[in-house]
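To keep things clear, I will list the structure first and then write my remarks on it.
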Amino acid sequence: MKKFLDVNVCRKVDILTLLNNKEKVSLDELAQYLQVARGTAAQAIETIQADFSDWGIVAPVIVKERNTIYFNAKENFSLHRILLNYLSQSVQYQAMIELFNKGEIRLKDFAEEHFLSYNSLYKKMLALNETLQQFDLTFSTNSRGQLHGSEHQIRFFYTEFFWHSSSGVSWPFPRVNKKIIERSIKYVEKIRGRRLGIVEKQKVANDLGVIITRILQKNYVDPAILDHEMLKDSRHFAGLCKKVEPLFKLFFQLKDDTQVRAELAYAYIVLFSQEYHLSDNNNIGDMLFYCQTHELRAGALTNQWMTEFYQQFSVYPSAKDYGLLYANLMHKHVKALTFHGSGVLMEIDLGAALFTNSNFDAKVQLMFDQLCKMEPSLQKNRDFLLTSYKFLICQYIEVEKEAQKLSICVLSVFGDEYMEVIKRNVFQRLDMDIQVTSTIEKDTDLVIADRIYENLSFNPEATLYWEIFPSKKSIQRIQQFIYQQFS
């Protein structure tokens with residue numbers, strides 16, 4: 001989300017990220033890292049300290065001794081919180097929210113409200129086009145600024161936008177009654193055959209909040225979505241329409257049956273593309289049968305992926321694990337073939353994302369390159385797919401150790417699919433018996449989250465925070481806390 005910050009604010013976020021990763025940094029190293037003058041780096045440190053003071057943040061503390069800078073942070077320090085504070089002050093960020101809520105933005109009026117010149121706002125918004133184009137969108141910078149592109153991509157952009165910038169602190173969809181969302185989540189749980197975790201519920205709520213807001217604004221998706229390959233003869237989609245269509249028409253006052261089904265189809269595909277299976281279930285069997293009886297682009301892509309996988313890695317999953325892997329890949333590939341821009345706003349640092357080596361990374365990159373020859377559009381979701389592939393492969397290249405004594409709940413924006421990486425590379429290195437879950441149970445001893453999540457009711461003293469991809473320094477802080485409290 002740094003793309004929605006000014007250069008000087010991005011610099012401050014970069015400084016905090018660097019300091020959070022290292023024990024100490026010299027002022028010269030910092031200036032070189034930022035590619036700015038030494039005095040500019042020193043001034044940025046001072047403004048960060050002033051920002052902390054304005055926000056009433058007592059910790060973390062930036063300590064400056066001569067030419068060396070130290071960063072003292074407690075176990076519950078969250079960079080995401082700091083980013084949210086900076087975003088709330090960003091004119092570009094507020095402008096995108098205004099666009100979402102009103103459909104357009106009068107640049108002159110908006111500039112005056114935020115004490116900016118028209119030209120300054122014009123340049124800031126024009127600069128966002130580089131990011132928006134990755135979603136197949138553009139922002140027209142005339143007197144009434146608007147987003148241009150397909151409705152399904154506008155919605156997808158805003159699901160990503162709000163997911164990576166909002167938190168459990170506030171609900172960003174004022175026109176949407178949360179009771180409707182809660183009922184919808186129960187229906188999603190019924191379809192998936194299991195209860196959703198805290199992160200899953202918040203992600204579904206986020207996506208539905210965007211969809212419902214756009215429909216209430218009378219921004220409708222193209223009925224061409226009804227031709228999506230995952231809807232042909234789909235008993236799950238047919239069941240959804242039969243159950244929800246009458247209430248949907250009444251609530252949104254839509255009389256066009258085709259448009260009603262198109263809106264339900266879009267919501268179905270969005271939720272389908274987000275699904276992740278932890279264990280074997282009836283839905284996996286249904287999907288495998290569907291793939292065998294239909295000619296699917298996503299199916300052909302997944303088949304090719306499996307071929308590349310076996311060529312690059314000496315792995316022999318069981319029939320059950322094969323089905324699980326295949327189903328999860330189908331969800332990823334449906335998302336990549338339907339939407340463009342996944343992972344763009346997260347600004348994923350693949351080097352920090354996973355605890356892998358250069359040989360492993362090269363193999364996954366080669367697999368991706370081969371798939372792009374088959375489907376060039378995959379480049380539009382490069383970071384998302386590379387990260388997803390690594391998550392999945394990491395589950396099969398090493399056997400997980402059993403551990404049961406200390407129960408830790410890890411809440412990640414990636415949901416369950418990042419758990420295996422965290423288990424192996426953070427907690428298995430501790431000389432303790434640890435069980436890692438993605439849900440809070442009665443026996444949960446500790447919660448570690450990458451942001452604030454709504455309805456997170458747990459002992460604050462046993463709730464810690466780190467980044468989306470935890471830095472080495474954050475991991476050390478967490479490990480030290482675990483040793484002190486539970487060893």
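Restrict the check to the range 405-415 and report whether at least one residue is in contact (Cβ under 8 Å) with a residue 24 or more places away in the chain, over 30 Å from Leu385 (Cβ atoms) and in a strand (DSSP E or B). Yes. Every condition in (1) in the same structural domain as Thr141 (by TED's automatic domain parsing); (2) out of contact with any Gly (no Cβ under 6 Å at 6 or more places or on another chain); (3) aliphatic (A, V, I, L, M) is met by Ile105 except one, and the failing one is (2).
Condition check for Tyr465 on (1) touching a Phe, Trp or Tyr at 6+ places or on another chain (Cβ under 7 Å); (2) without any contact (Cβ under 8 Å) to a residue 60 or more places away in the chain; (3) of a type in the set (Phe, Trp, Tyr): one failure, at (2). Filtering Ser120, Ser150, Ser166 for residues that are surrounded by fewer than 19 Cβ atoms within 10 Å (Cβ to Cβ), at pLDDT below 95 and of a type in the set (Ser, Thr, Tyr) leaves a single hit, Ser120.
Among the residues here, Lys423 does not qualify as free of Cβ contacts under 8 Å to residues at least 24 places away in the same chain and in a loop (DSSP other than H, G, I, E, B).
Scanning the range 261-283 for residues that are polar (S, T, N, Q) and farther than 18 Å from Leu208 by Cα yields Ser279, Asn281, Asn282, Asn283.
Residues checked against (1) in contact with a helix residue (DSSP H, G or I) (Cβ under 8 Å, 6 or more places away or on another chain); (2) at pLDDT 95 or above:
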| site | (1), (2) |
| --- | --- |
| Pro223 | yes, yes |
| Lys249 | yes, no |
| Phe252 | yes, no |
| Glu263 | yes, yes |
| Leu271 | yes, no |
| Gln274 | yes, no |
| Leu278 | yes, no |
| Phe289 | no, no |
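One residue stands out in the range 426-440 among those that are within 21 Å of Asn76 (Cβ to Cβ) and surrounded by fewer than 19 Cβ atoms within 10 Å (Cβ to Cβ): the one that is farthest from the chain's Cα centre (by Cα), namely Met432.
Does Lys201 qualify as being among the charged types (D, E, K, R) and out of contact with any helix residue (DSSP H, G or I) (no Cβ under 9 Å at 6 or more places or on another chain)? No, not satisfied. Taken over the range 130-147, the criterion of being without any contact (Cβ under 8 Å) to a residue 60 or more places away in the chain, farther than 27 Å from Ala262 by Cβ and surrounded by 14 or more Cβ atoms within 10 Å (Cβ to Cβ) is satisfied by Thr141, Gly145. Return only the number of the condition from (1) under 18 Å from Val270 (Cα atoms); (2) without any contact (Cβ under 8 Å) to a residue 60 or more places away in the chain that Glu151 does not satisfy. Here Glu151 clears every test but (2). For the range 27-75, a residue qualifies if it is closer than 18 Å to Asn8 by Cβ, touching a helix residue (DSSP H, G or I) at 6+ places or on another chain (Cβ under 6 Å) and of a type in the set (D, E, K, R), and exactly one does: Arg38.
Within the range 210-254, restricting attention to residues that are over 25 Å from Met287 (Cβ atoms), without any contact (Cβ under 8 Å) to a residue 60 or more places away in the chain and not in a helix (DSSP H, G or I), the residue that is nearest to the chain's Cα centre (by Cα) is Lys218. Taking the criterion of being hydrophobic (A, V, I, L, M, F, W, C), in contact (Cβ under 8 Å) with a residue 60 or more places away in the chain and surrounded by fewer than 20 Cβ atoms within 10 Å (Cβ to Cβ), would at least one residue in the range 328-337 satisfy it? The answer is no; no qualifying residue exists.
Just for the range 295-327: of the residues that are more than 22 Å from Glu275 (Cα to Cα) and not polar (S, T, N, Q), which one is surrounded by the most Cβ atoms within 10 Å (Cβ to Cβ)? Ranking the candidates gives Glu308 first.
The values are calculated or read from the model by the stated rules, or taken from the named source; none is laboratory data. Model, not experiment: these values are computed from the prediction. Here Cβ is always computed from backbone atoms with ideal geometry, including for glycine, and neighbour counts include all displayed protein chains.
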